Amino acid sequence: MEIMNLKPSFSRKLNQDGFSPIHLALLNGKPEMVIDFLFVDKNLVRLKEREGFTVVHYSARDVNVHLLSRVLNTCPDCIFDLNVMRQTALHIAVESNNFEAFKVGMDLECV
């Protein structure tokens, strides 16, 4: 986080595997760090990794409903972001049988 504060542009850089720091935080089981990233720049959740997955896509897939809800409240439009397969987080939630995440996304979309 200190690096992000000193050089915010670093938060948008992808590593050699195609992941940004916010993706790495999420994929390494650090949801509290993902939330910290939101304070640096709420649009970081819209960053796409090499296959077009955003934090919202991963949260919908991996049954992290609390984080998904928090991210969607911070950046509601990210529910419409598409990956390279043209799937939204709602598609991913259904495909993963994560109906709790689907409900979170639908509640937001219907508001």
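No value in this document is a laboratory result; all are computed from the given coordinates. Values in this document were obtained by computation on a predicted structure and should not be read as measured data. When we count neighbours, we look across all protein chains shown, and the Cβ atoms used for this are built from the backbone with ideal geometry, even at glycine.
Please compute the net charge surrounding R46, taking Lys and Arg as +1 and Asp and Glu as -1 over other residues with Cβ under 12 Å from its Cβ.
Charge balance in the 12 Å sphere: -1.
For V94, what is the net charge nearby, where nearby means another residue's Cβ is under 12 Å from its Cβ and Lys, Arg count +1, Asp, Glu -1?
Every neighbour counted, the sum reads 0.
Under a Cβ-only charge scheme (Lys and Arg +1, Asp and Glu -1), can you give me the dipole magnitude of the chain about the Cα centre, in debye to the nearest 20?
260 debye
In the range 1-84, which GluC sites (Glu not before Pro) fall in coil by DSSP and have 13 or fewer other Cβ atoms within 10 Å?
Filter output for the range 1-84: E51.
What aspartates and glutamates does K42 reach when the alpha-carbon gap must be under 19 Å and sequence neighbours fewer than 8 apart in one chain are set aside?
E2, E32, D77, D81, E109
Give the range of the longest stretch in the chain that excludes all trypsin sites (Lys or Arg not before Pro) found in loop regions by DSSP and having at most 13 other beta-carbon atoms within 10 Å.
So the longest stretch without any such site is 14-49.
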